[in-house]
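Student: Before anything else, here's the structure in question.
The values are calculated or read from the model by the stated rules, or taken from the named source; none is laboratory data. Note that this is a predicted model, so its numbers are computed, not measured. Note that each Cβ is placed from the backbone with ideal geometry, even for glycine, and that neighbours are counted across all protein chains shown. These accessible areas exclude ligands, DNA and RNA; they are computed on the full protein's heavy atoms, side chains included. Shrake-Rupley method; radii C 1.70, N 1.55, O 1.52, S 1.80 Å.
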Amino acid sequence: VLRDPLAPLAELLAHCAEARVVWSGDTGPRHLARALRRPAVIVAGPTDPRHCAVTAEERLVRVRVACGPCHLERCPLSGAEELACMKRIEPERLAQETLELLAEPSILPR
């Protein structure tokens, strides 16, 4: 578990290398996991899935919202619609995607 969100790149790389599965947004840890061919569950949020090819080791999780995908770094909305693309993703769905990914025969156990 990565404790320091500002961990040096080498430490982050080591965490990804040792992880059974990496959970990440469409950000740096995702790309490190991909380079290491580690299984990863990716929360897409504002990312357009047409712009991020998914490998056999990855599962892209997102929900459709009226305002997205927007590719914005900061959500301009407020109230119930603020960050809806992230907040509407159920933890159970992430867990299910993780279990299904790890059950894939092509995903080698460590």
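Student: Output ³J(HN,Hα) for the stretch 63-79: one whole-Hz value per residue in order, computed from phi by the Karplus curve 6.51 cos²θ - 1.76 cosθ + 1.60 with θ = phi - 60°, and x for Gly and Pro.
Tutor: 10, 7, 9, 4, 8, x, x, 10, 6, 7, 6, 10, 6, x, 8, 9, x
Student: Compare Arg34, Arg59 by solvent-accessible area with a 1.4 Å probe and give them largest first, with all protein chains kept in place.
Tutor: Order by accessible area, largest first: Arg34, Arg59.
Student: Could you calculate the contour length gain from Leu72 to Leu36, that is, 0.36 nm times the residue separation minus the distance between their Cα atoms, to one decimal place in nm? Display every interim value, and only then the final one.
Tutor: Numbers: separation 36, 0.36 × 36 = 12.96 nm, distance 2.76 nm.
Residue separation times 0.36 nm, minus the Cα-Cα distance, leaves 10.2 nm.
Student: Sticking with this structure for a sec: Picking from Gly79, Gly25, Gly68, which is most flexible by a Gaussian network model of the chain using Cα springs under 10 Å?
Tutor: Gly79
Student: In Å², what does the accessible area per residue of the stretch 10-110 work out to with a 1.4 Å probe? Can you show the working numbers first?
Tutor: Numbers: 6370 Å² over 101 residues.
Normalised by residue count, the accessible surface of the stretch 10-110 is 63 Å².
Student: Which net charge results when you count Lys and Arg as +1 and Asp and Glu as -1 among the other residues whose beta-carbon is under 14 Å from that of Leu77? Provide the component values of the computation, followed by the final result.
Tutor: Numbers: positive: Arg74, Lys87, Arg88; negative: Glu73, Glu81, Glu82.
After counting each charged neighbour, the total is 0.
Student: Given the options Leu72, Leu36, Leu94, state which has the largest fluctuation in a GNM of the chain using a 10 Å cut-off (strictly under) for Cα springs.
Tutor: Highest fluctuation among the options: Leu72.
Student: Report the GluC sites (Glu not before Pro) located in the stretch 1-102 that are in a DSSP loop and have at most 14 other Cβ atoms inside 10 Å of their Cβ, or state none.
Tutor: Details: sites: Glu11, Glu18, Glu57, Glu58, Glu73, Glu81, Glu82, Glu92, Glu97, Glu100; in loops: Glu57, Glu73, Glu82.
Listed in order of number, the matching sites are Glu73, Glu82.
Student: Taking 25 Å as R0, compute the FRET efficiency from the Cβ-Cβ separation of Leu99 and Cys52 and round it to 0.05.
Tutor: Numbers: r = 22 Å, r/R0 = 0.89.
Here the calculated transfer efficiency is 0.65.
Student: If amide hydrogens are placed 1.01 Å from N in the peptide plane, which non-local residues have theirs closer than 5 Å to the one on Leu60?
Tutor: So Leu60 has HN proximity to Ile42.
Student: Separate question: Per the 1.4 Å probe, what fraction of the accessible area of the stretch 7-110, in percent, lies on carbon and sulfur atoms? Intermediate values should be presented prior to the final figure.
Tutor: Values: 3810 of 6590 Å².
Accessible surface attributable to carbon and sulfur in the stretch 7-110 totals 58 percent.
Student: Can you tell me which of Pro49, Pro76, Pro39 moves the most in a GNM of the chain? Springs connect C-alpha atoms under 10 Å apart.
Tutor: Checking each option, the largest mean-square fluctuation is seen for Pro76.
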